[in-house]
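**Student:** Got a structure for you, written out below as structure tokens; questions coming shortly.
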Amino acid sequence: MAERSQTALEAGNDFGKDDAIGGNVNKFMVLPTGYCGQPKKGHLVFDACFESGNLGRVDQVSEFEYDLFIRPDTCNPRFRVWFNFTVENVKESQRVIFNIVNFSKTKSLYRDGMAPMVKSTSRPKWQRLPPKNVYYYRCPDHRKNYVMSFAFCFDREEDIYQFAYCYPYTYTRFQHYLDSLQKRNMDYFFREQLGQSVQQRQLDLLTITNPDNLREGAEQKVVFITGRVHPGETPSSFVCQGIIDFLVSQHPIARVLREHLVFKIAPMLNPDGVYLGNYRCSLMGFDLNRHWLDPSPWAHPTLYGVKQLIIQMYNDPKTSLEFYIDIHAHSTMMNGFMYGNVFEDEERFQRQAIFPKLLCQNAEDFSYSSTSFNRDAVKAGTGRRFLGGLLDHTSSCYTLEVSFYSYISGGTTAAVPYTEEAYMKLGRNVARTFLDYYRLDPMAEKMAIPMPRLRSATLVPASQGFSLSSDLTLNQRPLER
């Protein structure tokens, strides 16, 4: 890498130059130092002024190398992880090195082979850069912060290239998805607006069940699922979509689940943070998953709305809130796994282990060995911890985590990078696992729902893309499925 001169500001122990980052770059053209002529091809233009975009600053180090600064979450400079930006006005065969220089985390899956995502105008399918072109290291030129550098070669002058931390899943995409479901006029799918965010974006609540279960006076067994409380954890949305797609399908298991259970799903708890391109926080800089104890109706309106609904259901004698699952993504661990709660009651503690054990049998990418049950003080304000303390012994509360990068295929040590489809497959497997948990018969029309054995030692389970070639460019080669 080229040497940099260190300024007094850079030498400080705090955020230094990051303090000056107040927004995203907007069609920012980088010209060589002292250049006075007309801009030309190869003078790169960076942009992050679009939905879920994030790039706060660009410094040219040399003709071929650029330092890129993540814009911190709005109103909270602590969190700098998510990036999503475009580059245009490139020259054919132009080779560059991009350094993401101001990550707020030191541990990262970049140490284990993770690579940024890329697509271009003519190749709109997201793909990962080759790991051999990605470097993650502690850099003395940036106050010993950790830097992720990647090499890339632009191959088509007319293309706009887009780079991101992980597969983006925007608020607009989510709204289009829900609109398409509504247009199918399914009598077992209900969409309502539970509230609005600070910036007046919708907090959508989905109910998926046989309409007979919603008639007045009917007893309900409810599974409540939430996602995207942390906006940069985009795999959460793909897993959640997988759950929804399966539950509204005509699969025999989906039909029997709708007969016996009521699924309440709030897939995007932090729509403002998602829209703004934050990693962890809301518009006002709050980590919403630390405010379940006492959410404010004006500062945390989406969380407040969901909590009020859950308490209302908890106080309804006709409603049994059986599960709460909050879906997240993890930046340092492989696989899917869960966090559960610890209870003094041995029977209740054993009950908590049943669902993740069953899910492990259904999903090759889910790891029960990585699943843990804890009562860490720092997690006291999370949905899983708060609701685990509020709800009674018949309820199970979990955080479902899935890796930003990969899972370890059974019986091997090989890391298999996640795709959008693989994330959605995990969601489908989560939904299917409820069949095993309740021991339902997918061929039966109606049947009673027996509770699972608490102390049982044995559980009964039940197109074309593109890839990156070795010469750093985007290539038109079909992906293997």
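**Student:** Please state, as a whole number in µm²/s, the translational diffusion coefficient that the Stokes-Einstein equation yields for region 87-182 at 20 °C and 1.002 mPa s, with Rh defined as the Kirkwood radius across alpha carbon pairs.
**Tutor:** 140
**Student:** Take each of the peptides 252-258, 335-341, average the number of other beta-carbon atoms within 10 Å over its residues, and list them starting from the highest.
**Tutor:** Order by mean packing, descending: 335-341, 252-258.
**Student:** Multiply the residue gap between residue 177 and residue 350 by 0.36 nm, knock off their C-alpha separation, and tell me the result in nm, one decimal place.
**Tutor:** Taking 0.36 nm per residue and subtracting the Cα distance, the gain is 58.5 nm.
**Student:** Something else about it: State, as an integer percentage, the relative contact order of region 190-340 based on alpha-carbon contacts under 8 Å between residues 6 or more apart.
**Tutor:** 34
**Student:** So, by mean Cβ neighbours within 10 angstrom, what's the order for 264-272, 298-306, 156-164, 314-322 with the highest one leading?
**Tutor:** Sorting 264-272, 298-306, 156-164, 314-322 by mean packing, highest first, produces 264-272, 298-306, 156-164, 314-322.
**Student:** Based on the mean of other beta carbon atoms within 10 Å per residue, what is the order of 46-55, 429-438, most packed first?
**Tutor:** Order by mean packing, descending: 429-438, 46-55.
**Student:** If you average the sequence gap of Cα pairs under 8 Å that are 6 or more apart and divide by the length of region 53-122, what percent do you get for the contact order?
**Tutor:** 31
**Student:** Cα gyration tensor of region 243-365, axes a ≥ b ≥ c as square roots of the eigenvalues: rounded (a/c below 1.5), prolate (a/b > b/c) or oblate?
**Tutor:** In terms of gyration-tensor shape, rounded.
**Student:** Now for a different question. When ligands, DNA and RNA are left out and all protein chains stay put, how many square angstrom of accessible area per residue does the chain have with a 1.4 Å probe?
**Tutor:** Per residue, the chain has 42 Å² of solvent-accessible surface.
**Student:** Mind giving me the nanometre distance, one decimal, between the label points for residue 28 and residue 316, set 7 Å out from Cα along Cα→Cβ?
**Tutor:** Here the modelled spin labels are 4.9 nm apart.
**Student:** Full-extension gain between residue 216 and residue 439, please, as 0.36 nm times their residue separation minus the C-alpha to C-alpha distance.
**Tutor:** Contour length minus Cα-Cα distance gives 77.6 nm.
**Student:** At 1.4 Å probe size, with the rest of the protein present, what percent of the exposed accessible area of the chain is carbon and sulfur atoms?
**Tutor:** The value for the chain is 50 percent carbon and sulfur by accessible area.
**Student:** Setting aside same-chain residues fewer than 8 positions from residue 183, which lysines have a Cα under 21 Å from its Cα?
**Tutor:** The reachable lysines, counting only those whose Cα sits under 21 Å from residue 183, are 264.
**Student:** Run the helix sum for the chain: -39,500 (n - 2.57) per DSSP H stretch of 4+ residues, divided by residue count, reported at 222 nm to the nearest 500 deg cm²/dmol.
**Tutor:** Roughly -6500 deg cm²/dmol at 222 nm, from the helical runs in the chain.
**Student:** So what are the chain's ellipsoid semi-axes, whole angstrom, largest first, if each one is the square root of 5 times an eigenvalue of the alpha-carbon gyration tensor?
**Tutor:** 42, 23, 21
**Student:** Here is a further query. Given labels modelled 7 Å from the Cα in the Cβ direction, how far is it in nm from residue 38 to residue 50?
**Tutor:** Between residue 38 and residue 50, the label points sit 2.7 nm apart.
**Student:** For residue 60 and residue 251 in one chain, what is 0.36 nm times their gap in residues minus the Cα-Cα distance, to one decimal in nm?
**Tutor:** Stretched fully, the residue 60-residue 251 segment lengthens by 63.4 nm.
The values are calculated or read from the model by the stated rules, or taken from the named source; none is laboratory data. What you see is a predicted model, and the numbers here were worked out from it, not measured in a lab. For neighbour counting, all protein chains shown are included, and Cβ atoms are generated from backbone atoms with ideal geometry for every residue, glycine included. Ligands, DNA and RNA are stripped out before the accessible areas are found, and what is left, the full protein with its side chains, is counted by its heavy atoms. Shrake-Rupley method; radii C 1.70, N 1.55, O 1.52, S 1.80 Å.
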